[in-house]
Each structure stands twice: as C-alpha cells, then as structure tokens.
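Asker: Sharing a structure, written as structure tokens. Questions coming.
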Amino acid sequence: MSENTLVGITMPKWGMAMASGKIVGWLADPGAALEKGDEILEIETEKTVNVLEAAAAGTLARLVAAPGDELPVGSLLGVIARGDTCEAAIDGFIADFQASFVPPQEGEAADEEPRQITIDGDITLSWRHFPAENPADDTPVILIHGFGGAQNSWVLNIPRLGERRDLYTLDLPGHGGSSKEVGDGRLAGLAGNLSAFMAALSLPRAHLVGHSLGASLAATLAARTPEQVASLTLISGLGAGTRVNRAYVEAFLAAERRKPLKACMQQLFANPALVTRAMVEEVLKAKRIEWAQDALQAIAAAAVFGPEAASPAQDLTQLAAPLQIIWGREDRIAPADQLAGLPATAKCSLIDDAGHMVHMEAATRVNDLICDFLDRGP
Amino acid sequence: MSKKTYRQAVNEAILQEMRRDSSVILIGEDVAGGAGGGGEDDAWGGPMAVTKGLLGEFGANRVIDTPISEAGYMGMAIGAAASGQRPVADLMFNDFVGVCFDQVVNQAAKYRYMYGGQDKIPLTIRTMIGAGLSISAQHSQCLYPVFSYFAGLKVVVPSGPYDAKGLLASAIRDDDPVIFCEHKLLYEMVEEVPDEPYLIPFGEANFVREGGDVTIVALSRMVHIALEAAKILAKEGIECDIIDPRTTTPLDVETILESVEETGRLVIVDEAGPRCGMASDIASVVAEEGFSSLEAPIIKVTPPHVPIPAAPNLESLYIPNAGRVVAAARKVMAKAQG
C-alpha cells in the first residue's frame, strides 16, 4: 500500500485576497464513491459560497474539516482513497500532512499586484498574467469582464481555466485599476482598446472569453480583426444590440449607498443570497471614484441607452472564429430569450438556476464548458 | 491605487479639491508653515505636516497663515464661507475650540437656519482629536460628542486613510459646516487609497467586520481596538459585528439597529468620556428603538470621567484597550446565555 493511493482534499485558493475559507457543509457522505469533478464540499469565502469538486476519483475516506471550521488556504479538509487502503494508512497520511503543513503567513497569501500597461498613448490598463506550467497550446486565453465589474470577477474561473492555458485578465477602461478615459463609450472604441492591449503584450491571437459587456467587446473585436481571435466564448452577452434591462443599469448607476446597490446587485444572481456585504462594498468602492462613474455613464449612454442599443443585433454567423455561448436561464439583466435564432454553428448552453453572473453562480459548469470548448472546439 | 498614510490621504483630498474648485482655500495657524518663522514657508505644513506642499502649488492667497487667534481666523473663515468661498479652516487641536466656540456653534452652525436659507456656510473645520501622545489634558480630548450636540454642524470621525480621503472630499463639497476630526495616532496608518478623487457619503456606517454574535460600535481609532478585540474573541468562538459610524452627525442608526437585531448584544467603544458622549448617545438610541432585540444590557467601554493624564503610564490606563472590549463582549454573551 503506497501513499499515492491517498489524495488529500485541501482548502482551495479562490481569488487573490483569499487567505482562508469556512466549511459550510459536506455534499458527500463518508464512504461515498467519487468521480473526478463530483461536488463534495461547500466553502464560504469573504466574497461568496462555492463548491469544491473532487480532484480525483476514489472513495471519500475521511472528513477532516467540520462545518463551521475556518481554515487557511492549503489546509487538509478530507482524504480520498484510491484502491485498497486501511484506516492506519489514512491516519498516517493525515498525521504526516498536519506535521508538515505550514499555513500561509498574513500577507503571504496575496498574489503579485496587477501590472500596468499603456496603450494608445495615454490609456493605462491594469492586467494580470497567470502562466500555465504546461500550456495545452500556444494561444493564450483572455478573460474580459462586464459592465461595472473588474478582472477579479473571474476568481472562480481562473484556477481551473489556468490549469492548462496561459491566462490573461484585464480591467477594461473606466473600470478597476485602469484609467477612466473611455472616449464616446462605444463598443468600437473599447474593442479597439482591447486590440491594442493584445498588441502591446505581443499576443497576436487569443481565445476570448467575455462576460456581458465583455462578450459584446469580444464579438466586436472578432468582427473587426478576426486574425486576433482564435475562438469566442460569449457569456450573457452577444455583441452590439444585446438586449439588456435598462432599469437595472439606471439603478446601478444611481446607487451611491450600500442598500440600493445591494438590491441592484441581487438581480445579477438567480440566488440573491450570494451577494455578500463584502461584494457590495468592493463594487461601491469602485463606483465611488468620480471618473469611474463618468466612464460608466458614458458606456451606458452609448451601449445601453444610445445608438448601440438601437442597432440591430450583431450577425454572429459572419464570424470566422469558433463560437460558444453560455447563458443563465434566470438572467434578469440580459434575458435568455434572445438566444433563440442564433447560428446553428454556435455551441449554445443554457444553464438552469443561474442568473447573469452565470460564471460565478455555476462556475463549475461554465469552467467545464470553456475547457471542453477550448480542447475540442464547438 | 497605492498605499498611503492617513496624513497623505488628508493632504491628497485637500489638494484635489483645491485643484478642482478655486474657491477652496485653507485658513489656519501654521497651515503654510509658520509665517514669520523664517526659512522656507512650505517646509512645515502644520505641526503634523498634513498640509505640506499646498502653499507651493496654490500660493499664499489660498493657503492663508493666520496669527494665533482661533476666534479671529474662525470668524474670518465663516465670513469667507458666507461670501462665496469654500474654506478649510484648521483648528489644530480640537481642545482649542473653547476659544472660538461662539463662532462655531452660534454663528457657523446656525447661520443658514437663522437667515431662512438665504445663505450657506460651506466650511470645513479640520481638527485633531485623541489621546496617546502624552500631550496632556488640553491637547488630547475627543470633543466630537460636543460638536454632535449642535444642530447645524456635521461631524466626521474617519478611522483610516481610505475613509479620510473620501469623507474629507465630501466635507469640502458639502454646503454646511462640517467638523472633520483626525485622530493624531492614525496619521501613520497605511492603507490602499485610490489616486482619483472619490466621495464617501455622510450617514453611512462602515460595516467593518461581520460576526453575528455581538455588535461592537466603535469610533475613530477605537475601530482598531475593536478589531484587535474581535480577533481575540474569535478564538473563543465569539464572532463580532464591528460598525464604524464614520459620521456622528448624521448618525447611521439604521445600520446599528440592523446589527443589534441580529446579535441582541451591544458594546460601544468610544474614546470620548462616559458622560454625554457618543457611547451614551448610541446606547440611548438603541434602548429606545431596539430594546426588544436586546438580550443583555448595553455596555459602554469609555475612559473614566477624569481629565486626561499626561503621564504615559496613566494615559495608557485612561484609553480603552482591547482587553476591556473583550471583557465587555464576554459579559454580554454570558448575560445572554444565562
């Protein structure tokens, strides 16, 4: 009986600020037979509650962590056994792990700071690179967040997508740590910024994964400079002409305090309980910055209330890049019914019990869909 | 975004508001650096170097050093505010308000009301509060409860650099007189602060920590004492909500009541005295409006009702510490369970 028949389940690191997580509850019973990817444990972080999947097939041999435990990243939560193992071996495995485990020190848990790059003369973009050790191919993946968001909205996707792909994230102009100059706020201008961003990082071609406004930008870029786009994954957004809930955008722009903003953000999820105080506080901090508010107004004026909202929906059949579309069935911001009549060539997935933030609310499903799509094509 | 001290955050808020609006002017003792003291005017920027660099950019017409006469320059600032400027007056130590009390509470606070709204006083008074530097009874008080007594004044007590910058920008743009209380022991505190201007609205408390067992309301520097206590209590299985009201007028009663409704237990940590202070005030509001939620008596953690000692050993006994907050939280928990 060798040690490699036992696999530790450890506290994951979801996002740069995560230093510890709290066990909400086990979703599998001791002794359960597990497939890789089975949901085994619910974990609460400062930002959200998410499900941990089995990293290996086997038997759930031991639960080490109990509901309510708050444990640092990397801590042993349970043990999966493959093949025949005895209790003594499991005890030994746990004892060895605990003896050698050093919890990350305060401050150590934080990843490196986002980097800054200047494009088009005077626009500074905040970005991050998550290099893969053995990338599946040379083409990197760029994750593009939505309206009022920031690159850290991909926290639940980065670890999985980054396993075998070189990943880049950025804060769009007007958002997060990037400069707040957005010109007329139209998709064409922002897509041009994205194109310049790729050029500045010497990325001739990338797989684009965009959410909402980010999806519209990815589709716009794919139409303008197809040579830069290896594939397109559009989440909760379709390009120019995507129908969005104007009342939501108005309320989001107007919200200056925690309560109205929380009510607004709850519309982003099928399950409103997922909106935590910390999440609201983070968005509020970003929105308070005067120039960011101006930028959001400009983008909304063009893309939501202005000419681009009135324009006919972008013809996605004209795109050369392989296309996949992912949507939450309960999306209250961009209604899912607009998926009807999409090109048959697109791989389309409608996800139950998920709203506009489907990549957070159903992160596991969305990560699977993206990985499959990138590996196999539509 | 970059890490900034509380001092830098305050300086940056003034700088950005002065660039944005030419009616923003600075008035006070030593704001430029000790007029008549010789040497380079711009070298000092007040006793804590908070206004350093502003004279160089904006000149002596907008950064106005005054003689040592609080009544004189406060009257000058109120007059300037009434006639269209947006002054930031520097009342060095809040203890000195005694010298210009009439100007602040009878003139500035009541002007708009008594003249039927025909005029306004968009004045910000920056002032230092708090004990801990052993600079004695006349330089160490927390007088924000006194300011909060007067209708017509808004009162701000920022507990960190991020709040200091956003709240000061809001204070300067506010059309009413605002007393902005900077704790002198916080000037070296460092935090991520956006480089761009941003506004934090008055009357919205900061929910600093979510716990669910005990509500701790703490003001200014006491927020950090409460956080220290919460860490100790968490090891015992007691999880604290910590609420920083940010402004004492307007006071975000709603957030406090919301938290107490969940926890049923309230500890208030205030560096101002135990009588007629913010702790008493908040306790009275919760007793009146949230009594049915309470499962234990409210506990106030404040200094004793004495002048602040200058001797360091006595002064440290005077200031509320984490141990006292921990003891208070244990006591309300025991009451609730028993």
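The values are calculated or read from the model by the stated rules, or taken from the named source; none is laboratory data. Because the structure is a prediction, the values reported are computed rather than measured. Glycine gets a Cβ as well: all are built from the backbone with ideal geometry, and neighbour counts include every protein chain shown. SASA here: full protein model, heavy atoms, side chains in, ligands and nucleic acids out. Shrake-Rupley method; radii C 1.70, N 1.55, O 1.52, S 1.80 Å.
Asker: Give me the Kirkwood hydrodynamic radius of the stretch A:335-378, using the inverse of the mean 1/r over all pairs of distinct Cα atoms, in Å to one decimal.
Answerer: Across the stretch A:335-378, the inverse of the average 1/r is 11.5 Å.
Asker: What are the extents of the Cα atoms of the stretch B:149-212 along their three principal axes, listed from largest to smallest and rounded to whole Å?
Answerer: 34, 32, 22
Asker: For the stretch B:206-337, what are Rg and Dmax over the alpha carbons, in angstrom?
Answerer: 13.8, 43
Asker: To one decimal place, what Kirkwood hydrodynamic radius in Å is obtained for the stretch B:152-273 from all pairs of distinct Cα atoms?
Answerer: 14.9 Å is the Kirkwood radius here.
Asker: Moving on to the next point. Per-residue counts of other Cβ atoms within 10 Å, averaged by peptide: what ranking do you get for A:93-101, A:170-178, A:256-264, B:23-31, highest first?
Answerer: In decreasing order of mean packing, A:93-101, A:170-178, A:256-264, B:23-31 become A:170-178, B:23-31, A:256-264, A:93-101.
Asker: Compare the peptides B:227-233, A:85-91, A:249-255 by average per-residue count of other Cβ atoms within 10 angstrom and give them in order, highest first.
Answerer: Details: B:227-233: 19.6, A:85-91: 13.7, A:249-255: 17.3.
Descending mean neighbour count gives B:227-233, A:249-255, A:85-91.
Asker: Apply the Karplus curve 6.51 cos²θ - 1.76 cosθ + 1.60, θ = phi - 60°, to the phi angles in the stretch B:324-335 and return the couplings in whole Hz, x for Gly and Pro.
Answerer: Using θ = phi - 60°, the values come out as 5, 5, 4, 4, 5, 5, 4, 5, 5, 5, 4, 4 Hz.
Asker: Could you pull out every residue, at least 5 positions away or on a different chain, whose amide H is within less than 5 Å of the one on B:ILE27? Hs are placed 1.01 Å off N in the peptide plane, and Pro or chain starts have none.
Answerer: B:ILE64, B:VAL88, B:ALA89, B:ASP90
Asker: Further question: In Å and whole numbers, how far do the C-alpha atoms of the protein assembly as shown stretch along each principal axis, longest first?
Answerer: On the principal axes, the protein assembly as shown reaches 79, 64, 50 Å in Cα extent.
Asker: Return P(r) of the stretch B:62-173 (all Cα-Cα pairs; 5 Å bins starting at 0; whole %; ordered from short to long distances).
Answerer: The calculated distribution, bin by bin, is 2, 11, 20, 25, 21, 14, 5, 1, 0.
Asker: Sort all Cα-Cα distances of the stretch A:1-80 into consecutive 10 angstrom bins from zero, then give the percent of pairs in each bin up to the one containing the longest distance.
Answerer: Reading upward from the zero bin: 20, 54, 23, 3, 0.
Asker: Rounded to two decimals, what ratio of Rg to Rh does the stretch A:111-168 give with C-alpha atoms and a Kirkwood Rh?
Answerer: Dividing the radius of gyration by the Kirkwood radius yields 0.99.
Asker: Determine the relative contact order of the stretch B:2-193: mean sequence separation of Cα pairs under 8 Å and six or more apart, normalised by residue count, in whole percent.
Answerer: 26 percent
Asker: Is it possible to state the helix-based mean residue ellipticity at 222 nm for chain A, with each DSSP H run of 4+ residues giving -39500 (n - 2.57), the sum divided by total residues, to the nearest 500 deg cm²/dmol? What is it?
Answerer: Values: 11 runs with 110 residues, N = 378.
Computed mean residue ellipticity for chain A: -8500 deg cm²/dmol.
Asker: Among B:PHE291, A:ALA344, B:PRO320, pick out the residue whose Cα is farthest towards the positive end of the charge dipole of the protein assembly as shown, where Lys and Arg carry +1 and Asp and Glu carry -1 on C-beta, about the Cα centre.
Answerer: With unit charges placed on the Cβ atoms, the residue in question is B:PHE291.
Asker: Please compute the contact order of chain A in relative form: average sequence separation of alpha-carbon pairs under 8 Å and at least six residues apart, divided by the residue count, as a percent.
Answerer: After rounding, I find 13 percent.
Asker: Divide, for the stretch B:2-193, the radius of gyration over alpha carbons by 2.2 N^0.38 Å, where N is the residue count.
Answerer: Normalised Cα radius of gyration, the stretch B:2-193: 0.95.
Asker: Continuing with this model, one more query. At 1.4 Å probe size, put A:TRP14, A:TRP327 in order of accessible surface, largest to smallest.
Answerer: Result, largest first: A:TRP14, A:TRP327.
Asker: Measure nothing fancy, just the Cα-based angle from helix B:6-20's long axis to the longest principal axis of chain B, in degrees from 0 to 90, nearest 10.
Answerer: Long axis of B:6-20 versus the principal axis of chain B: about 50 degrees.
Asker: For the stretch B:206-337, build the charge dipole from Cβ charges (+1 Lys, Arg; -1 Asp, Glu) around the Cα centre, then report which of B:ASN206, B:VAL301, B:LEU257 sits farthest towards its positive end.
Answerer: Checked the options; the winner is B:VAL301.
Asker: What's the ranking of B:80-93, A:129-142, B:131-144 by average number of surrounding C-beta atoms within 10 Å, highest first?
Answerer: Result, highest mean Cβ count within 10 Å first: B:80-93, B:131-144, A:129-142.
Asker: May I pose another question? Across the stretch A:66-82, in residue order, what do the Karplus-derived ³J(HN,Hα) couplings come to in whole Hz, using 6.51 cos²θ - 1.76 cosθ + 1.60 with θ = phi - 60° and x for Gly and Pro?
Answerer: Values, residue by residue: 10, x, x, 5, 10, 10, x, 3, x, 5, 6, 10, x, 9, 9, 10, 10 Hz.
Asker: Right, something else. Mind telling me which of A:LEU52, A:LEU274, A:LEU203 comes out most flexible in a GNM of chain A, alpha-carbon contacts under 10 Å?
Answerer: A:LEU203
Asker: Another question, if that's okay. In whole Hz, what ³J(HN,Hα) sequence does the stretch B:112-119 give by Karplus (6.51, -1.76, 1.60; θ = phi - 60°), x for Gly and Pro?
Answerer: 4, 5, 6, 9, x, x, 6, 9
Asker: Something else about it: So, with a 1.4 angstrom probe, what is the percent of accessible area on the protein assembly as shown that is carbon and sulfur?
Answerer: Ligands and nucleic acids excluded, carbon and sulfur give 52 percent.
Asker: Please state the equivalent ellipsoid semi-axes for the stretch B:10-110: what are the square roots of 5 times the Cα gyration tensor eigenvalues, largest first, in whole Å?
Answerer: Ellipsoid semi-axes (Å, largest first): 21, 17, 11.
Asker: Do any trypsin sites (Lys or Arg not before Pro) in the stretch B:244-338 lie in a DSSP loop with no more than 12 other beta carbon atoms within 10 Å, and if so, which?
Answerer: Passing both the DSSP loop test and the Cβ count: B:ARG275.
Asker: Further question on the same structure: What is the Cα centroid distance between the stretch A:62-80 and the stretch B:185-247, reported in whole angstrom?
Answerer: Comparing the Cα centres of the stretch A:62-80 and the stretch B:185-247, I get a distance of 29 Å.
Asker: How high is the relative contact order of the stretch B:206-337? Use alpha-carbon pairs under 8 Å, at least six apart in sequence, and give a whole percent.
Answerer: 28 percent.
Asker: For the stretch A:268-342, build the convex hull from the C-alpha positions and give me its volume per residue in Å³.
Answerer: Here the figure is 142 Å³ per residue.
Asker: To the nearest 100 Å², how much accessible surface do chains A and B cover up together, summed over both, with a 1.4 Å probe?
Answerer: Working: alone 16830 and 13870 Å², together 29070 Å².
Its buried surface, counting both partners, is about 1600 Å².
Asker: Considering only DSSP beta bridges where both residues belong to chain A, give the percentage that are antiparallel (nearest 5).
Answerer: Among the beta bridges of chain A, antiparallel pairing accounts for roughly 60 percent.
Asker: Then there's this: Show A:TRP26, A:TRP127 ordered by accessible area, largest first, where the area counts protein heavy atoms only and the probe is 1.4 Å. Could you put the intermediate results ahead of the total?
Answerer: Details: A:TRP26 45, A:TRP127 25 Å².
Sorted descending by solvent-accessible area, the residues read A:TRP26, A:TRP127.
Asker: Let me ask you something else. What is the Cα radius of gyration of the stretch B:257-329 over 2.2 N^0.38 Å, N being its residue count?
Answerer: Working it through for the stretch B:257-329, the quotient is 1.21.
Asker: A further question follows. When the Cα centres of the stretch A:326-359 and the stretch B:77-146 are compared, how far apart do they sit, in Å?
Answerer: 57 Å
Asker: Here is a further query. Would you report the distance distribution of C-alpha pairs in chain B as whole percents per 20 angstrom bin, up to the bin with the largest distance?
Answerer: Per 20 Å bin, starting at 0, the Cα pair percentages come out as 32, 56, 12, 0.
Asker: On to the next question. Give, rounded to the nearest 20 debye, the magnitude of the charge dipole that the protein assembly as shown has about its Cα centre when Lys and Arg contribute +1 at Cβ and Asp and Glu contribute -1 at Cβ.
Answerer: Value, rounded to 20: 940 debye.
Asker: On average, how much area does the Cα convex hull of the stretch A:140-199 cover when viewed from any direction, in nm²?
Answerer: Averaging across all directions leaves 4.2 nm² for the Cα convex hull.
Asker: Enter the angle in degrees (range 0 to 90, nearest 10) between the Cα long axis of helix A:290-303 and the first principal axis of the Cα atoms of chain A, meaning the one along which they spread out most.
Answerer: 70 degrees
Asker: What size of dipole, in debye to the nearest 20, comes out for chain B about its Cα centre when the only charges are +1 on Lys and Arg C-beta atoms and -1 on Asp and Glu C-beta atoms? The partial results should precede the final answer.
Answerer: Working: 28 positive and 45 negative charges, 95 e Å.
Here chain B has a charge dipole of around 460 debye.
Asker: When we measure straight from the Cα of B:LYS154, which lysines land under 18 angstrom away, once same-chain ones fewer than 8 places off are left out?
Answerer: Within the straight-line limit of under 18 Å, B:LYS154 reaches these lysines: B:LYS110, B:LYS120, B:LYS165.
Asker: Once Rh is set to the Kirkwood radius over Cα pairs, what Stokes-Einstein translational diffusion coefficient, in µm²/s, holds for chain A at a temperature of 37 °C and a viscosity of 0.692 mPa s?
Answerer: Working: Rh = 21.7 Å.
Estimated via Stokes-Einstein, D reaches 151 µm²/s.
Asker: Put +1 on the Cβ of every Lys and Arg and -1 on every Asp and Glu Cβ in the protein assembly as shown; which of B:ALA234, B:ALA311, A:VAL7 then has its Cα farthest towards the positive end of the dipole?
Answerer: B:ALA311
Asker: Counting only other chains, what is the mean number of Cβ atoms within 10 angstrom of the Cβ of each residue in peptide B:193-199?
Answerer: 5
Asker: Mind putting a number on the dipole of chain A about its Cα centre? Charges go on the C-beta only, +1 for Lys and Arg and -1 for Asp and Glu, and I need it in Debye to the nearest 20.
Answerer: 1120 debye
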